[in-house]
Amino acid sequence: MSMADYTAPKKAFRLSMLIYDTRYRSITIQVIALVALALVAAWLVSNTLNNLEALDKELGFGFLAEPSNYDINQRLIEYDSRSSHWSAAVVGILNTLLVAVMGCILATIIGVTAGVARLSHNWIIARLMTIYIETFRNIPVLLWIVLIMAVVIETLPVPRSFKGEDAVSQMLFGDAVAITNRGVYFPKPLFNDGSMIVVATFILSIIGIFVFGRWAKKRQASTGEILPTGWIKTAIFFIPAILMFFIMGMPIGLEYPVFKGFNFKGGYQMRNSLIALWLALSFYTGAFIAEAVRAGIQAVSKGQSEAAAALGLRPKRIMSLVVLPQALRVIIPPLISQYLNLTKNSSLAIVVGYMDITATLGGITLNQTGREMESLLLLMGMYLSISISVSILMNWYNESIKMRER
């Protein structure tokens, strides 16, 4: 370039440069798209408010304070028909979280087991896992929910079969658990004075397990010495809480289910609708997780397994210590999607009568109050919050297990 090019004055800015100059064109297009999107959103909001006004409806959430006037058969907190619609929504969201957490745990166990077993050298086990995976993946989850609900109702005994002198012998664990076609009845903990200290000790023990695990991992990385973490974590989990339980005079008791009249009284009941939904979502999602696990394992070089075997490690130790830790970086991203799918698929609970957030806020509350816009906005906001929370948590875990160079 000549000196004239360096000393030439810069051209003055012109509006045409926003279109023809490559330095500004991309910004111009983005601003136009953003303004257009904002105008469309404003038009939709304005049109919605005008239509609501024409129907003598004002957008508001005051209806949440009104009595709900309906019962919820499965609940984790106190609730009755005189409670507010907001209380019903809270019970519904807790029921959604309950089936989502239980489903994610069981689906992970099933998926990891099936994914590893599908790669087994045993022909029968590998083919059985293939049949399970392909069967559950290719049939809609709604059909599995209805089928399992029908199996639970038709095959399990009715509560009145536990009536009589031999009722206790029909229950599991003595007189503690009863499995019927109406659900599973099991003991309910009773918290007396001093029980919160025991609970706090138990929570601190769980925190201590995570702290010890991180310390043991850092120690192993720096010294190469492997501690028996399994036994130590088990001791931390049980011993402090048990000692505090006896020191405080056994403040936590159990209320056992007892058959009275036509049904069981006392204890907790896990209704058949929750059982059917939980099992169907778990086995359905577990089939997809199994494929992610299989892909992750196959992504690990065979040389890793061969090197571990050459060092004398047994196949189970090779899988748990060498293969799976490296496969997690491939497994976790699709696993996040499956957890989100399971949570959203729980909205199908209404077909078996399980009262989740869709059945309460998006069902009965919406029909009773006629506040469809407000109910649906709240419903979508709650599902969005749950999904984002799951994504944040799993992405944090994915970041924490990334392989890092020393």
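The values are calculated or read from the model by the stated rules, or taken from the named source; none is laboratory data. Predicted, not measured: the structure shown is a model, and the values here were computed from it. As a convention, Cβ positions derive from the backbone with ideal geometry for all residues, glycine included, and neighbour counts pool all protein chains shown. Heavy atoms of the whole protein, side chains included, go into the accessibility calculation; ligands, DNA and RNA do not. Shrake-Rupley method; radii C 1.70, N 1.55, O 1.52, S 1.80 Å.
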Search result, residues across segment 292-311 that are among the charged types (D, E, K, R) and either in contact with a strand residue (DSSP E or B) (Cβ under 6 Å, 6 or more places away or on another chain) or buried (at least 20 other Cβ atoms within 10 Å of the Cβ) (or both): R294
Which listed residue, of V323, V330, V352, is open to solvent by 30 Å² or more (accessible area, probe 1.4 Å) and under 27 Å from the mean Cα position of the chain (by Cα): V330
Any hit, segment 67-75, residues being basic (K, R) and closer than 29 Å to L94 by Cα: yes
Complete set of residues in segment 221-238 that are charged (D, E, K, R) and assigned to a helix (DSSP H, G or I): K233
Cβ pairs under 9 Å, 6+ apart, first in segment 373-395 and in contact (Cβ under 8 Å) with a residue 60 or more places away in the chain and closer than 29 Å to N47 by Cβ, second acidic (D, E) and exposed (fewer than 12 other Cβ atoms within 10 Å of the Cβ): none
Residues of segment 355-378 classified as open to solvent by less than 20 Å² (accessible area, probe 1.4 Å), hydrophobic (A, V, I, L, M, F, W, C) and in contact with a Leu (Cβ under 8 Å, 6 or more places away or on another chain), total: 2
Among (1) under 30 Å from A176 (Cβ atoms); (2) among the small types (G, A, S); (3) open to solvent by less than 50 Å² (accessible area, probe 1.4 Å), the one test that G261 misses: (3)
Residues that are of a type in the set (G, A, S), surrounded by fewer than 12 Cβ atoms within 10 Å (Cβ to Cβ) and within 20 Å of Y397 (Cβ to Cβ), drawn from segment 199-242: A221
Residues that are touching a residue at least 40 places away in the same chain (Cβ under 8 Å), surrounded by 14 or more Cβ atoms within 10 Å (Cβ to Cβ) and among the aliphatic types (A, V, I, L, M), drawn from segment 178-198: A178, V184, I197, V198
Residue match in segment 255-264 (condition: acidic (D, E), closer than 28 Å to I131 by Cβ and within 32 Å of the chain's Cα centre (by Cα)): no
Test: residue in segment 139-158 that is more than 28 Å from E255 (Cα to Cα), part of a loop (DSSP other than H, G, I, E, B) and open to solvent by 40 Å² or more (accessible area, probe 1.4 Å): yes
The lone exception for F245 - which of (1) open to solvent by less than 60 Å² (accessible area, probe 1.4 Å); (2) under 30 Å from G208 (Cβ atoms); (3) assigned to a strand (DSSP E or B) it fails: (3)
Failed condition for K218, given (1) assigned to a helix (DSSP H, G or I); (2) in contact with a strand residue (DSSP E or B) (Cβ under 6 Å, 6 or more places away or on another chain): (2)
Lone unmet requirement of (1) under 26 Å from I93 (Cβ atoms); (2) crowded, with 17+ Cβ neighbours inside 10 Å for S337: (2)
Conditions (1) within 22 Å of the chain's Cα centre (by Cα); (2) surrounded by fewer than 17 Cβ atoms within 10 Å (Cβ to Cβ): number failed by R271: (2)
Pairs where the first residue, in segment 109-135, is at pLDDT below 95 and the second is hydroxyl-bearing (S, T, Y) and open to solvent by 70 Å² or more (accessible area, probe 1.4 Å), C-beta under 9 Å, 6+ apart: M129/T113
Every residue from segment 73-84 that is over 19 Å from A349 (Cβ atoms) and surrounded by 12 or more Cβ atoms within 10 Å (Cβ to Cβ): D80, S83, S84
Output for segment 47-72, where each listed residue is open to solvent by 50 Å² or more (accessible area, probe 1.4 Å) and among the hydrophobic types (A, V, I, L, M, F, W, C): L49, A54, L55, L59, F61, A65
